[in-house]
Amino acid sequence: MTVAILTQELIDSMGVHSAHEIGIIWDENTPSFGVRVSRSGKASYIARCTSLAGRQMVTLGSVESISLIEARQRAIKLRRIGSDVVETPRSAVRDTRNRPIQTGVRPATEIAEALASSISDGIVYALSPLRDSLENALRTTPSIAPVLKQSYNESTVRDLVDAYIERHALKRLKTGEHIARYLTTNLRPLFTRRLSSFTVEDAERLHRDIGKRAPIMANRVIQYMKSAWNKGVKWGLCAGPNTFSDVTFFSETIRNRALSVEETKRLLAVLDRYASRNVRDFVRLALFTGVRKARILSMRWDDVDLQGQIWNVPPIKGEEPQMVLLGDEELQILKSRKRSSVWVFSAKSNSGHLTCPDDSWKKIVERAGLKGVRIHDLRRSLASAMAESNVNVAIIQSALNHKTMQTTLKVYARASKRAELEARKLVQRQWLNK
C-alpha cells in the first residue's frame, strides 16, 4: 500500500514515475481518501466509507473534473455521513422526526440533512437504502432542510487548513510542504471543530500544549494559522477578527551555529568512511555549494552542464533562479555518479529521489563529535568561512541566493566577531608589552 501526503504537485506528476502508473495512493493526512490510477492512465479521487450497504469504495470524480481540496472535503463529509447512517436503524431514519433515536446517536433529522447536503454537493453514491431514507425523512419533515444544511456545511478547521495549504502555501512559499506537515500534525485533533466555535482561548491552549514539547514549533503553528485565518476571511471560510492574532509567542533564540575549520575537517573525515554513497555525496555538495538542501535532494541531471561546469537551479516558490558554477570538488562528485534516473540522487521514495536523511545525519555528527549541528548549518558554515576570508558581502549573498542583503549581513556580522577579537588582542599585547 502506497501512502503519501497528497498535494497538487504530486497529482500533476502522476504517470511520470512507474510507481504511480497503476494502483492507489492513500493520503497520509486524510483517512480513507486517495487517488486511483487505472491501467489506461486515468486518475480519479476515491474514498472508502461504511454505510447501510456495508464497506464500499466510492469514486468522487476524476482529477480533471474536481480539485484536490474539493475531493478531500467530499471524502471527509462522506465519512461523517457513513458513520451516522450505520449507527442509526433504517426505520428510525424513515419514521422518527426530531427525536434522538438512542443515547449518543444524532437525531434522524440531522442525519437526513447531512444526506441532503451530500446530494447537493454531488457526493451521494449508489446506495438505494440511503436515498430512500433521505427521501422519506425530507418528505415527512421538509422544514429541516435549510436550517440543518447550513449547520452541516459550516467550515471546519480542516477545511481552513486544507485550503491554506493548497491555495497558498504550496503555490507561493518555498517551505510549503514543511508548513503542511506542521499544520496537519499539530491540528489533526481539532480538524472537526467548526471555525465559528474556535475561540482565542482555544488558540492559546493549542499554543501552550505544543509549547510544552516544542516552543518554536508552537510559534510557527500559530504564525501559519494566523495567516490562514486572514486568507480564510477573504475566501469566505471564516469571519474576523482573527482568532490567532492575540496569542503571545514564546521567546526564541536566533540560531547562529556554524562549523569551525577543525569541525569541518572532522566532518569530511567521517564522510570519507560513510557507507551510503547518496548521503555522503549529498552532504558534501551541501557543504561545498551552500545550496539549500531541498534543491540538492531534487537535483536533476537535465539542469547540470558538466562540460560547462554549471548547475542551473530551477526557481522554487519565493526564490529567484540560481546559477551555480561547479568547482573541481563538485564536478568530481557528480562525474562519479551513475545516471540511473532523471534525479542525481535517485532513491526508492514517493518522489523518486532521496529525502532528507535525518537518521544518517545524526550518525554522522555523532561520529564526528559535533554538537548541535543541523544540515542547514552547512550552508551557514560556508557563508561564515567566506566572510572570515574577507569575501565581499555581495558575493556571499549571490552564493547563498539570499533574497535580501539583510540576511547575508547577519552572517557577515557574526564572522566579523573573530576579527574583532583579534583586534582587541593586538591592542592588549601593545598595552602589556607582550
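Among all residue pairs at least 6 apart or on different chains, which show Cβ distances below 6 Å where the first residue, located in region 191-207, is in the same structural domain as Trp229 (by TED's automatic domain parsing) and the second is of a type in the set (D, E, K, R)?
The qualifying pairs are Phe191/Arg158; Arg194/Glu154; Val200/Asp246.
Results for (1) more than 24 Å from Thr156 (Cα to Cα); (2) in contact with a Leu (Cβ under 9 Å, 6 or more places away or on another chain); (3) at pLDDT below 80, shown as yes or no for each residue.
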{"residue": "Ile25", "(1), (2), (3)": "yes, yes, no"}
{"residue": "Thr50", "(1), (2), (3)": "no, no, yes"}
{"residue": "Ser67", "(1), (2), (3)": "no, no, no"}
{"residue": "Arg72", "(1), (2), (3)": "no, yes, no"}
{"residue": "Ile76", "(1), (2), (3)": "no, no, yes"}
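Mind listing whichever residues of region 342-372 are without any contact (Cβ under 8 Å) to a residue 40 or more places away in the chain and under 18 Å from Ser298 (Cα atoms)?
Of everything in region 342-372, those that are without any contact (Cβ under 8 Å) to a residue 40 or more places away in the chain and under 18 Å from Ser298 (Cα atoms) turn out to be Ser346, Lys348, Ser349, Asp358.
Within region 237-292, track down each residue that is over 19 Å from Arg220 (Cβ atoms), without any contact (Cβ under 8 Å) to a residue 24 or more places away in the chain and of a type in the set (Ser, Thr, Tyr).
Ser260
Check region 52-60 and report whether any residue there is under 26 Å from the mean Cα position of the chain (by Cα), assigned to a strand (DSSP E or B) and modelled with pLDDT of 80 or more.
The initial filter retains those residues of region 52-60 that are under 26 Å from the mean Cα position of the chain (by Cα), namely 59-60.
The next check asks that each one be assigned to a strand (DSSP E or B); those that pass are 59-60.
Now drop any that are not modelled with pLDDT of 80 or more, which leaves 59-60.
Yes, because at least one residue in region 52-60 is under 26 Å from the mean Cα position of the chain (by Cα), assigned to a strand (DSSP E or B) and modelled with pLDDT of 80 or more.
Starting from region 154-166, take each residue that is more than 10 Å from Phe191 (Cα to Cα) and list its partners that are assigned to a strand (DSSP E or B), counting only C-beta distances under 6 angstrom and pairs at least six apart or across chains.
Here the result reads Glu154/Arg194, each pair linking region 154-166 to a residue that is assigned to a strand (DSSP E or B).
The values are calculated or read from the model by the stated rules, or taken from the named source; none is laboratory data. Please read these numbers as outputs of a predicted model, since none were measured by experiment. Every residue, glycine as well, gets a Cβ built from its backbone with ideal geometry; the counts of neighbours run over all protein chains shown.
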